[in-house]
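Remarks on the structure that follows.
The values are calculated or read from the model by the stated rules, or taken from the named source; none is laboratory data. The model shown is predicted, which means the values in this text are computed figures rather than measured ones. Neighbour counts are summed over all protein chains in view; Cβ atoms, including those assigned to glycine, are modelled from backbone coordinates with ideal geometry.
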Amino acid sequence: MPARRSLLKTESPGEPVQLLRDLNERRVFRYVVAYGAMSWAALEAIDQLVGNGLLPAVVYRAVLTLVLCGFPGALIVSWFHGAKGRQQMPAIEKWLLAGVAVFALGMTGVVARTGEKTEGSKSAELSPTDNPARVAVMYMTGRGGEDAEFLASGLTEALIDQLSVVEGLHVVSRNGSQLFRDVVVPADSIGRTLQVGSLVAGTVALSGDRVRVDVQLTATSTGEQIASRRLERPRSEIFTLQDELADTVAVFLRRSIGRELGARTLRAGTSSTRAWEYVQQAGQAQHGTALLVASGDLPAAERALLKADSLLALAEQEDPAWLEPVVQRGWAAYSRSRLGGLDRAHNEQWIRRGLEHAERAIAMRPQDPGALELRATLLYWQYLLNLAGTPAESDRLFDEAESGFRAAIAAAGGRRASAQNSLSHLLLAKGEVAEAKLNALQAYTADPFLENAHLTIWRIFTASWSLQDAVEAERYCSEGARRFPDNFRFFQCRLMLQALPGVVPDIPGSWRVLEQFAAASPPQVREVNRRSGMMYISMALARAGMADSAKAVARSARGGADIDPLRELARLESITWTILGDYEEAVRQLRLYLTANPQALDGLRADAERRELHWYMQPLADEPAFRSLVGLR
């Protein structure tokens, strides 16, 4: 037995030693190092070409995949041929190398296809030169002396920098754009060379104390102009002017590219020209409803949506397999439900119709992000309007809506701004304010074409307001007002800011903003919005120590069920009474609100139990009347 133990001790370490000797004799380590060095050099060269916009990003991923998959091949070759002298290729080596080659090519193909999809789910079916989200910003021409040339160059580079950080856009670098500076080359040639679908070009002209910028967005495949914009500004400090112009032009370009990308992707979804034309006409009809609603012509808006639905039904007949008309009919029904204000029967009818379309769309394609979001939106709208029959049904609607929004976001690869916006609103209602703000911020970065920017900024503002973050609330209120000066929400946010602790109230200014808020509001909610604005002013008066005025304004802003059937005004009024220290009246107003919104009780109870009430309710946390109201001892 002792001899046996000795034999084991000497043989066990000898095997790895012999393996190392074999590897050294076959120069495997040298082969591996050489392979790594050559691979690194190749990847660096590809990276430079991609970075300069001369090759698409998918090329780098494909080469990297080949390099990684080729590593076993390098080991195989070095093992069979690394020793000095000539060695023949045995059959086993041929089979091993063939297997590695097949695996490497297969993986490269998968990565290349996946890479094209990740550059933008909307552009997966478009070639690089047909994809408007692949952009080259050409150096602009300056007219009016050296200052104009300097401003044109700076504006070009600022635009490249701003657009390059937008996820969903592929923007050629400055070096790529430099290739075509000061030369006249057809758009299609630039498109093929840089592998882009749209070009940005323009001029900057200085004349006296004015600056004029003309910008055009052109399709490389056809040479046709997609969109154009002219800006005129007073001549000021050049760097400030450059930043302002770059920001304005970047917003215009992102929206224009988004519209063009949507149209092209829509066209790629069907082989039926008639179906596509019907959907285009329906889109134009729906687009006009916003202006009709803003002007107060609700009957005309209703007719426009009816026309859109009819056109979409014709598109369905032309191409029954095309999902887009079904989903769009669902959104048209949702829009019609919103025209009825708070008319319960009207809302129920069109929500039910929209859900029918949503269910049909999901049956056609269960993981389609648009269909999932449509269904979740209608369920959540049904919940918000308190159209559920029982508390249990209300809870089901809420839970299914949340699951639906999350499923839509996941199906879109984690980035779907509209669904993230809606989820943010839902989480605010749920009391999960921090996650609500996180989703809104994610939506801000997930919206490359600014299709939902007004709602995203509003969600970030409301989450910041609920978190009592006056700095962030002020920032996003100002951002919204700057970008969307006519949107009623960004008059409302100025009133809401007056209620926040830490903000110095401007009472005279608030009354002027109230008039603007009411005038900008859609007609079907104008009166309830005017009264809610008065409630925020009453909060500001209470914070300013003007108790009698605060009480008078709050009482005069009350509205009956004909104006405010969901009793949102009562919820806002409770905040004023809480600030004034009249907790009995605050609880009375909350009771009125919960009577109309019983679905909100469970969330309020949970917040009270966790001691996570909103800042404006925290003084009520230990009040017996409040705890009794929410069902706590």
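Take the residues of region 546-569 that are of a type outside the set (A, V, I, L, M) and part of a helix (DSSP H, G or I): which is modelled with the lowest pLDDT?
Here is the first cut: in region 546-569, the residues of a type outside the set (A, V, I, L, M) are 548-549, 551, 555-556, 558-560, 562, 564-565, 567-568.
Now drop any that are not part of a helix (DSSP H, G or I), which leaves 548-549, 551, 555-556, 568.
Numbers: Asp548: 96, Ser549: 96, Lys551: 96, Arg555: 96, Ser556: 96, Glu568: 93.
So, considering only residues that are of a type outside the set (A, V, I, L, M) and part of a helix (DSSP H, G or I), the one modelled with the lowest pLDDT is Glu568.
Closer than 30 Å to Ser337 by Cβ and part of a helix (DSSP H, G or I): is that true of Arg530 in this structure? Steps first, answer last, please.
Details: closer than 30 Å to Ser337 by Cβ: yes; part of a helix (DSSP H, G or I): yes.
Taking the combined requirement at face value, the residue satisfies it.
How many residues does region 572-596 contain that are in contact with a Leu (Cβ under 7 Å, 6 or more places away or on another chain) and buried (at least 21 other Cβ atoms within 10 Å of the Cβ)?
Going residue by residue through region 572-596, those that are in contact with a Leu (Cβ under 7 Å, 6 or more places away or on another chain) are 574, 578, 583, 586-587, 590-591, 594, 596.
Within this subset, residues satisfying the condition of being buried (at least 21 other Cβ atoms within 10 Å of the Cβ) are 574, 578, 586-587, 590.
Total satisfying the criteria: 5.
Which condition does Val525 not pass, out of (1) closer than 30 Å to Ala561 by Cα; (2) modelled with pLDDT under 90; (3) among the aliphatic types (A, V, I, L, M); (4) assigned to a loop (DSSP other than H, G, I, E, B), if it passes all the others?
(4)
Specify which of the listed residues (Ala544, Ala552, Ala586) is of a type in the set (A, V, I, L, M) and under 16 Å from Pro501 (Cβ atoms).
Values: Ala552 fails: under 16 Å from Pro501 (Cβ atoms); Ala586 fails: under 16 Å from Pro501 (Cβ atoms).
Being of a type in the set (A, V, I, L, M) and under 16 Å from Pro501 (Cβ atoms) holds for just one of Ala544, Ala552, Ala586, which is Ala544.
Considering only region 480-501, state which residues are farther than 19 Å from Phe252 by Cβ, under 25 Å from the mean Cα position of the chain (by Cα) and not in a helix (DSSP H, G or I).
Listed by number, the list holds a single entry, Phe488.
When region 310-329 is examined, which residues are found to be closer than 20 Å to Thr377 by Cβ and crowded, with 20+ Cβ neighbours inside 10 Å?
Once the filter is applied, which keeps residues that are closer than 20 Å to Thr377 by Cβ and crowded, with 20+ Cβ neighbours inside 10 Å, region 310-329 yields Leu312, Glu324, Pro325, Val326, Val327, Gln328, Arg329.
For region 525-552, name all the residues that are within 30 Å of Ser295 (Cβ to Cβ), crowded, with 18+ Cβ neighbours inside 10 Å and not aromatic (Phe, Trp, Tyr). First the steps, then the outcome.
As a first pass, look at region 525-552 and keep what is within 30 Å of Ser295 (Cβ to Cβ): 525-537.
Okay, now just the ones that are also crowded, with 18+ Cβ neighbours inside 10 Å, so 528-537.
Those that are within 30 Å of Ser295 (Cβ to Cβ), crowded, with 18+ Cβ neighbours inside 10 Å and not aromatic (Phe, Trp, Tyr): Val528, Asn529, Arg530, Arg531, Ser532, Gly533, Met534, Met535, Ile537.
Just to be sure, is Arg605 touching a Gly at 6+ places or on another chain (Cβ under 8 Å), surrounded by 14 or more Cβ atoms within 10 Å (Cβ to Cβ) and among the basic types (Lys, Arg)?
On the way: touching a Gly at 6+ places or on another chain (Cβ under 8 Å): yes; surrounded by 14 or more Cβ atoms within 10 Å (Cβ to Cβ): yes; among the basic types (Lys, Arg): yes.
For Arg605, the condition - touching a Gly at 6+ places or on another chain (Cβ under 8 Å), surrounded by 14 or more Cβ atoms within 10 Å (Cβ to Cβ) and among the basic types (Lys, Arg) - is met.
Which of the residues that make up region 158-202 are in contact (Cβ under 8 Å) with a residue 24 or more places away in the chain, of a type in the set (Lys, Arg) and in contact with a helix residue (DSSP H, G or I) (Cβ under 8 Å, 6 or more places away or on another chain)?
Arg192
Can you pull out the helices (runs of 4 or more DSSP H) entirely within region 246-339 that have at least 3 residues that are outside the structural domain of Val204 (by TED's automatic domain parsing) and at pLDDT 85 or above? Break it down into steps so the answer makes sense when it comes.
Values: elements: 273-287, 289-295, 298-318, 324-338.
Fully inside region 246-339 and qualifying: 273-287, 298-318, 324-338.
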